[in-house]
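The values are calculated or read from the model by the stated rules, or taken from the named source; none is laboratory data. None of these values were measured; they are calculated from a predicted model. Every residue, glycine among them, receives a Cβ derived from its backbone with ideal geometry; neighbour counts consider all protein chains shown. Areas reflect the complete protein model, heavy atoms only, side chains present, ligands, DNA and RNA absent. Shrake-Rupley method; radii C 1.70, N 1.55, O 1.52, S 1.80 Å.
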Amino acid sequence: MTKKEKPVTIAENIESIKAEIGAACADAGREAGSVRLVAVSKQQSTEKIRAALASGQRIFGENRVQEAKSHWHDLRLQYPDLKLHLIGPLQTNKVKEAVALFDVIETLDREKLARALADEMQKQNRKLPCLIQVNTGNEKQKSGIAADALAAFLQFCRGDCGLDIRGLMCIPPQEENPETHFRLLAELARAHGLPELSMGMSGDFKIAIACGATLVRLGTAVFGGRG
Ligand SMILES: *Cc1c(COP(=O)(O)O)cnc(C)c1O
(Lines give C-alpha, C1' and ligand atoms only; values in the text may rest on other atoms or scores of the structure.)
Protein backbone atom coordinates (compact mmCIF):
# COMPACT_ATOMS: atom_id res chain seq x y z
CA MET A 1 0.00 0.00 0.00
CA THR A 2 1.26 3.46 -0.84
CA LYS A 3 -1.00 5.46 1.43
CA LYS A 4 0.70 6.36 4.70
CA GLU A 5 -1.26 5.25 7.70
CA LYS A 6 -0.75 6.04 11.32
CA PRO A 7 0.92 3.10 13.03
CA VAL A 8 -1.52 0.91 14.85
CA THR A 9 -0.72 0.37 18.50
CA ILE A 10 -0.82 -2.92 20.33
CA ALA A 11 -3.63 -1.64 22.53
CA GLU A 12 -5.67 -0.97 19.38
CA ASN A 13 -4.84 -4.41 17.99
CA ILE A 14 -6.01 -6.06 21.19
CA GLU A 15 -9.16 -3.98 21.27
CA SER A 16 -10.12 -4.91 17.71
CA ILE A 17 -9.24 -8.59 18.26
CA LYS A 18 -11.50 -8.60 21.32
CA ALA A 19 -14.30 -7.12 19.22
CA GLU A 20 -13.75 -9.80 16.57
CA ILE A 21 -13.76 -12.53 19.19
CA GLY A 22 -17.00 -11.10 20.59
CA ALA A 23 -18.58 -11.01 17.14
CA ALA A 24 -17.45 -14.58 16.36
CA CYS A 25 -18.96 -15.74 19.67
CA ALA A 26 -22.25 -14.00 18.86
CA ASP A 27 -22.31 -15.57 15.37
CA ALA A 28 -21.78 -18.99 16.91
CA GLY A 29 -24.43 -18.41 19.56
CA ARG A 30 -21.78 -18.61 22.25
CA GLU A 31 -21.47 -16.45 25.33
CA ALA A 32 -19.12 -13.48 25.07
CA GLY A 33 -16.30 -14.30 27.43
CA SER A 34 -16.31 -18.01 26.60
CA VAL A 35 -13.15 -17.45 24.54
CA ARG A 36 -9.90 -16.15 26.03
CA LEU A 37 -7.09 -14.51 24.07
CA VAL A 38 -3.62 -15.98 24.53
CA ALA A 39 -1.21 -13.32 23.23
CA VAL A 40 1.74 -15.19 21.71
CA SER A 41 4.80 -13.14 22.64
CA LYS A 42 7.51 -15.34 21.12
CA GLN A 43 10.13 -13.35 19.19
CA GLN A 44 8.62 -10.04 20.26
CA SER A 45 10.37 -7.19 22.04
CA THR A 46 9.96 -6.45 25.73
CA GLU A 47 8.64 -3.05 24.72
CA LYS A 48 5.76 -4.63 22.82
CA ILE A 49 5.09 -7.08 25.63
CA ARG A 50 4.94 -4.20 28.09
CA ALA A 51 2.48 -2.40 25.81
CA ALA A 52 0.22 -5.47 25.81
CA LEU A 53 0.42 -5.67 29.61
CA ALA A 54 -0.36 -1.96 29.89
CA SER A 55 -3.52 -2.49 27.85
CA GLY A 56 -4.67 -5.13 30.34
CA GLN A 57 -3.71 -8.35 28.54
CA ARG A 58 -2.73 -11.00 31.09
CA ILE A 59 -2.58 -14.37 29.25
CA PHE A 60 0.54 -14.92 27.15
CA GLY A 61 1.89 -17.85 25.16
CA GLU A 62 5.52 -18.77 24.54
CA ASN A 63 6.90 -21.69 22.59
CA ARG A 64 10.42 -21.92 24.06
CA VAL A 65 11.32 -22.23 27.72
CA GLN A 66 14.58 -20.28 27.46
CA GLU A 67 13.10 -17.36 25.58
CA ALA A 68 10.09 -17.31 27.89
CA LYS A 69 12.44 -16.98 30.86
CA SER A 70 14.20 -14.00 29.34
CA HIS A 71 10.86 -12.34 28.51
CA TRP A 72 9.07 -13.06 31.73
CA HIS A 73 11.45 -13.67 34.63
CA ASP A 74 11.23 -10.06 35.84
CA LEU A 75 7.82 -9.05 34.47
CA ARG A 76 6.26 -11.97 36.27
CA LEU A 77 7.00 -10.41 39.65
CA GLN A 78 5.34 -7.15 38.58
CA TYR A 79 2.17 -8.85 37.36
CA PRO A 80 1.02 -11.45 39.88
CA ASP A 81 -2.15 -12.12 37.88
CA LEU A 82 -0.20 -13.07 34.77
CA LYS A 83 -0.88 -16.47 33.16
CA LEU A 84 1.87 -17.93 31.01
CA HIS A 85 1.01 -20.78 28.64
CA LEU A 86 3.64 -23.05 27.14
CA ILE A 87 2.54 -23.66 23.55
CA GLY A 88 5.69 -25.23 22.09
CA PRO A 89 7.25 -28.69 22.41
CA LEU A 90 8.74 -29.45 25.83
CA GLN A 91 11.88 -31.55 26.27
CA THR A 92 12.10 -33.47 29.51
CA ASN A 93 15.38 -31.75 30.43
CA LYS A 94 13.49 -28.42 30.49
CA VAL A 95 10.63 -29.64 32.65
CA LYS A 96 12.04 -28.21 35.87
CA GLU A 97 12.29 -24.68 34.43
CA ALA A 98 8.94 -25.00 32.67
CA VAL A 99 7.09 -25.98 35.84
CA ALA A 100 8.70 -23.09 37.71
CA LEU A 101 7.81 -20.49 35.06
CA PHE A 102 4.56 -21.48 33.33
CA ASP A 103 0.97 -21.62 34.60
CA VAL A 104 -0.48 -23.87 31.91
CA ILE A 105 1.23 -26.53 29.77
CA GLU A 106 -0.62 -26.81 26.44
CA THR A 107 1.69 -29.31 24.75
CA LEU A 108 1.60 -32.50 26.76
CA ASP A 109 2.06 -35.23 24.15
CA ARG A 110 3.89 -38.31 25.48
CA GLU A 111 4.12 -40.59 28.49
CA LYS A 112 7.70 -39.75 29.37
CA LEU A 113 6.80 -36.06 29.52
CA ALA A 114 3.65 -36.71 31.55
CA ARG A 115 5.67 -38.64 34.10
CA ALA A 116 8.39 -35.99 34.27
CA LEU A 117 5.84 -33.18 34.66
CA ALA A 118 3.99 -35.02 37.41
CA ASP A 119 7.23 -35.67 39.35
CA GLU A 120 8.41 -32.09 38.99
CA MET A 121 5.04 -30.58 39.95
CA GLN A 122 5.10 -32.65 43.10
CA LYS A 123 8.65 -31.50 43.91
CA GLN A 124 7.79 -27.84 43.38
CA ASN A 125 4.34 -28.20 44.89
CA ARG A 126 2.83 -26.55 41.80
CA LYS A 127 -0.09 -28.28 40.16
CA LEU A 128 -0.36 -26.82 36.65
CA PRO A 129 -3.38 -27.45 34.46
CA CYS A 130 -2.36 -29.19 31.23
CA LEU A 131 -3.76 -29.58 27.74
CA ILE A 132 -2.94 -32.54 25.54
CA GLN A 133 -1.65 -31.67 22.08
CA VAL A 134 -3.26 -33.80 19.39
CA ASN A 135 -1.59 -34.25 16.01
CA THR A 136 -4.87 -34.01 14.13
CA GLY A 137 -3.15 -34.11 10.73
CA ASN A 138 -0.95 -37.11 11.58
CA GLU A 139 2.07 -35.12 10.41
CA LYS A 140 5.37 -36.90 10.95
CA GLN A 141 7.29 -33.76 11.85
CA LYS A 142 4.66 -32.40 14.21
CA SER A 143 4.30 -33.00 17.95
CA GLY A 144 1.10 -34.25 19.48
CA ILE A 145 -0.38 -37.66 20.03
CA ALA A 146 -2.48 -39.42 17.41
CA ALA A 147 -6.23 -38.97 17.82
CA ASP A 148 -6.75 -42.73 18.23
CA ALA A 149 -4.22 -42.84 21.08
CA LEU A 150 -5.94 -40.09 23.08
CA ALA A 151 -8.17 -42.24 25.28
CA ALA A 152 -5.30 -44.36 26.59
CA PHE A 153 -3.01 -41.37 26.99
CA LEU A 154 -5.62 -39.42 28.91
CA GLN A 155 -6.08 -42.38 31.23
CA PHE A 156 -2.32 -42.56 31.77
CA CYS A 157 -1.99 -38.82 32.48
CA ARG A 158 -4.84 -38.77 34.96
CA GLY A 159 -4.76 -42.23 36.48
CA ASP A 160 -1.06 -43.05 36.57
CA CYS A 161 0.35 -39.51 36.86
CA GLY A 162 -2.43 -37.60 38.61
CA LEU A 163 -2.13 -34.69 36.18
CA ASP A 164 -4.86 -32.06 35.90
CA ILE A 165 -5.91 -32.41 32.27
CA ARG A 166 -8.29 -29.63 31.20
CA GLY A 167 -8.48 -29.95 27.45
CA LEU A 168 -6.91 -30.35 24.05
CA MET A 169 -4.75 -28.28 21.73
CA CYS A 170 -3.89 -28.60 18.04
CA ILE A 171 -1.98 -26.89 15.23
CA PRO A 172 -3.58 -27.88 11.91
CA PRO A 173 -1.36 -28.68 8.91
CA GLN A 174 -0.52 -25.47 7.04
CA GLU A 175 -1.79 -26.57 3.66
CA GLU A 176 -5.15 -27.85 4.82
CA ASN A 177 -8.50 -26.35 5.67
CA PRO A 178 -8.23 -25.85 9.44
CA GLU A 179 -11.92 -26.38 10.03
CA THR A 180 -11.71 -30.16 9.61
CA HIS A 181 -9.03 -30.26 12.30
CA PHE A 182 -10.85 -27.92 14.66
CA ARG A 183 -14.00 -30.03 14.34
CA LEU A 184 -12.07 -33.21 15.03
CA LEU A 185 -10.44 -31.69 18.13
CA ALA A 186 -13.80 -30.43 19.40
CA GLU A 187 -15.35 -33.86 18.88
CA LEU A 188 -12.51 -35.53 20.80
CA ALA A 189 -12.85 -33.04 23.65
CA ARG A 190 -16.59 -33.60 23.82
CA ALA A 191 -16.19 -37.37 23.80
CA HIS A 192 -13.84 -37.16 26.77
CA GLY A 193 -15.65 -34.42 28.68
CA LEU A 194 -12.75 -31.98 28.38
CA PRO A 195 -13.81 -28.30 28.65
CA GLU A 196 -10.84 -26.43 27.16
CA LEU A 197 -10.01 -26.24 23.45
CA SER A 198 -6.89 -24.34 22.42
CA MET A 199 -7.13 -23.84 18.67
CA GLY A 200 -6.99 -21.00 16.19
CA MET A 201 -4.17 -18.57 15.41
CA SER A 202 -4.10 -15.11 13.77
CA GLY A 203 -5.27 -16.41 10.39
CA ASP A 204 -8.06 -18.74 11.46
CA PHE A 205 -9.26 -17.88 14.96
CA LYS A 206 -12.79 -16.99 13.87
CA ILE A 207 -13.23 -20.43 12.33
CA ALA A 208 -11.84 -21.96 15.52
CA ILE A 209 -14.36 -20.04 17.62
CA ALA A 210 -17.20 -21.29 15.40
CA CYS A 211 -15.89 -24.81 16.11
CA GLY A 212 -15.79 -24.30 19.90
CA ALA A 213 -12.35 -22.89 20.77
CA THR A 214 -12.05 -21.58 24.34
CA LEU A 215 -8.44 -20.37 23.93
CA VAL A 216 -7.17 -18.70 20.75
CA ARG A 217 -3.41 -18.21 20.36
CA LEU A 218 -2.64 -15.00 18.49
CA GLY A 219 0.83 -13.65 17.77
CA THR A 220 1.04 -11.50 14.67
CA ALA A 221 -2.52 -10.14 15.04
CA VAL A 222 -1.56 -8.75 18.46
CA PHE A 223 2.06 -7.71 18.01
CA GLY A 224 2.69 -7.52 14.26
CA GLY A 225 5.46 -9.52 12.54
CA ARG A 226 8.11 -11.39 14.50
CA GLY A 227 11.86 -10.99 14.54
C1 LIG B 1 3.54 -18.86 16.92
C2 LIG B 1 2.40 -19.65 17.38
C3 LIG B 1 1.09 -19.11 17.36
C4 LIG B 1 0.77 -17.71 16.89
O5 LIG B 1 0.81 -17.65 15.51
P6 LIG B 1 0.28 -16.34 14.71
O7 LIG B 1 0.02 -16.84 13.36
O8 LIG B 1 1.38 -15.35 14.80
O9 LIG B 1 -0.94 -15.88 15.40
C10 LIG B 1 0.07 -19.91 17.84
N11 LIG B 1 0.29 -21.16 18.28
C12 LIG B 1 1.51 -21.72 18.30
C13 LIG B 1 1.68 -23.10 18.79
C14 LIG B 1 2.60 -20.99 17.84
O15 LIG B 1 3.82 -21.56 17.86
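Return one quarter of the surface area of the convex hull spanned by the alpha-carbon atoms of region 113-227, equal to its mean projected area, in nm².
Numbers: hull surface 33.2 nm².
Here the figure is 8.3 nm², rounded to one decimal.
Helix-only mean residue ellipticity at 222 nm, the chain, DSSP H runs n ≥ 4 weighted -39,500 (n - 2.57), per residue, nearest 500. What is it? Write down the numbers at each step before the final one.
Details: 10 runs with 90 residues, N = 227.
Result for the chain: -11000 deg cm²/dmol, rounded to the nearest 500.
How large is the translational diffusion coefficient of region 129-178 in µm² per second when you combine the Kirkwood radius over alpha carbon pairs with Stokes-Einstein at 10 °C and 1.306 mPa s? Kindly include the intermediate steps, with their values, before the conclusion.
Details: Rh = 11.6 Å.
Value of D from the Cα-based Kirkwood radius: 137 µm²/s.
So for the pair Ser34, Arg226, with labels modelled 7 Å out along Cα→Cβ, what separation do we get in nm?
Result: 3.0 nm between the two label points.
Mark the label point 7 Å from the Cα of Thr46 along Cα→Cβ and return the residues of region 64-78 whose backbone N is within less than 12 Å of it.
70-76, by backbone N distance to the label point.
With the contact rule set at Cα under 8 Å and sequence spacing of 6 or more, what percent relative contact order holds for region 70-149?
On the way: 101 pairs, mean separation 20.5, N = 80.
The value is 26 percent.
Residue farthest toward the positive end of the dipole of region 1-123, with Cβ of Lys/Arg at +1 and Asp/Glu at -1: which of Leu82, Asn63, Ala24?
Asn63
Are any of the pairs Lys112/Lys142; Lys94/Lys140; Lys18/Lys112 more than 29 Å apart by Cα-Cα distance, and if so, which? All intermediate terms of the calculation are to be shown ahead of the outcome.
On the way: Lys112/Lys142 17 Å; Lys94/Lys140 23 Å; Lys18/Lys112 37 Å.
With Cα atoms farther than 29 Å apart: Lys18/Lys112.
Between Ala11 and Gln124, with labels modelled 7 Å along Cα→Cβ, what's the label distance in nm to one decimal, could you check?
With each label point 7 Å from Cα toward Cβ, the separation is 3.3 nm.
Tell me the label-point distance for the pair Ala100, Glu20, using the 7 Å Cα-to-Cβ offset, in nm and rounded to one decimal.
3.7 nm
Past the 27 Å Cα-Cα mark, which pairs from Lys48/Lys127; Lys69/Lys123; Lys96/Lys206?
The answer is Lys48/Lys127; Lys96/Lys206.
Given the C-alpha atoms of the chain, compute the convex hull and give its volume per residue in Å³.
Numbers: hull volume 31.1 nm³, N = 227.
With only Cα atoms used, the chain gives 137 Å³ per residue.
Just going by the charge dipole of the chain, with Lys and Arg at +1 and Asp and Glu at -1 on Cβ, which of Thr9, Ala151, Ser34 is farthest out on the positive end?
Thr9
Take region 10-55, compute every pairwise Cα distance, and split them into 5 Å bins from 0; I just need the percent in each bin.
Answer for region 10-55: a P(r) of 5, 20, 25, 20, 14, 10, 5, 1 percent.
Per the Kirkwood definition applied to all pairs of different Cα atoms, how many angstroms is the hydrodynamic radius of region 184-226? Display every interim value, and only then the final one.
Numbers: mean 1/r = 0.0918 Å⁻¹.
After inverting the pairwise mean of 1/r, the radius is 10.9 Å.
For a label point 7 angstrom out from the Cα of Arg183 toward its Cβ, which stretches of region 32-49 have the backbone nitrogen within less than 13 Å?
none
Roughly speaking, to the nearest percent, how much of the chain's 1.4 Å accessible area is carbon and sulfur?
Working: 5660 of 11480 Å².
Here it works out to 49 percent.
Counting heavy atoms of the protein chains only and a 1.4 Å probe, report the per residue accessible area for the chain as a whole number of Å².
Values: 11480 Å² over 227 residues.
I get 51 Å² per residue for the chain.
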